[in-house]
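Nothing in this text is a laboratory measurement; each read-out follows from the coordinates by a stated rule. Predicted, not measured: the structure shown is a model, and the values here were computed from it. Glycine gets a Cβ as well: all are built from the backbone with ideal geometry, and neighbour counts include every protein chain shown.
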Amino acid sequence: MARKPAVMYRQVKGQAYTRRKYMGGVPNNRINQYDMGNLNTDFPVVLTLRVKNHVQVRHTALEAGRIAANRLLSKEVGTANYHLKVNVYPHIVLRENKLATGAGADRVSSGMRNAFGKNVGTAARMSSDQTIMTIYCNPQGFKSAKIALWKASMKYPTPCYVSIEKGKELIV
């Protein structure tokens, strides 16, 4: 019985595979930007999105979470009133031994012979309570920032929680 790819990659098994020197090529990182919004201002409120479990998150999921959070913040708060930072980088290279299916697949595929696999993507390996994303904002944008982090957490393969790092006393 074949397993779903999302379940296969979220589990942390074995050693990290990061030596790009020995690989035939690594798929491009899908994360376009790691810092968005106003990078020059020092904001009084800091919120972080943290993972609850030890997990691997693929680069496509990280990009989807970044897009979801950035879209909501830029619409509701404005690009000058927040700073969004993605805190993790996908170093782990994921490999997959693709098997042929359909008529005549037994003659084409080699099964488990030479099953090292081809590179299919990258992932960030995270321990429990590690920060994925941080938002710096004004007290007026606190609710929007919290909703933005919640929307981003829906894109990740593990339960997440939002913690207020700085500025609790400013929030009414």
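Extension gain, V26-Q130: 0.36 nm per intervening residue step, less the Cα-Cα distance, totals 34.9 nm.
Note on K166: lysines with a C-alpha under 19 Å away, same-chain residues under 8 apart excluded, are K85, K143, K146.
Between L99 and A64, the simple label model (points 7 Å from Cα in the Cβ direction) yields a spacing of 2.5 nm.
Here's the picture: charge each Lys and Arg Cβ at +1 and each Asp and Glu Cβ at -1 in the chain, and of A145, T122, L84 the one pushed furthest to the positive end of that dipole is T122.
Our summary gives the chain a relative contact order of 38 percent, counting only alpha carbon pairs under 8 angstrom and 6 or more residues apart. Computed about its Cα centre, the charge dipole of the chain is approximately 720 debye, with only Lys, Arg, Asp and Glu carrying charge at their Cβ. In the elastic network of the chain, a GNM with C-alpha springs shorter than 10 Å, the most mobile of F142, F116, F43 is F116.
Placing unit charges on each Cβ (+1 for Lys and Arg, -1 for Asp and Glu) gives the chain a dipole about its Cα centre, and among A69, I31, F43 the Cα reaching farthest toward its positive end belongs to I31.
When you count the other C-beta atoms within 10 angstrom of each residue and take the mean per peptide, 86-93, 164-171 line up highest first as 86-93, 164-171.
May I ask for the angle, rounded to the nearest 10°, between helix 142-153 and the longest principal axis of the chain, with both axes built from Cα atoms and the value confined to 0 to 90°? Rounded to the nearest ten degrees, it is 10.
In deg cm²/dmol and to the nearest 500, what is the mean residue ellipticity at 222 nm of the chain if only DSSP H runs of at least 4 residues count, each as -39500 (n - 2.57), divided by the residue total? Don't jump to the answer; show the numbers that get you there.
Details: 4 runs with 40 residues, N = 172.
Estimated from H runs of four or more residues: -7000 deg cm²/dmol.
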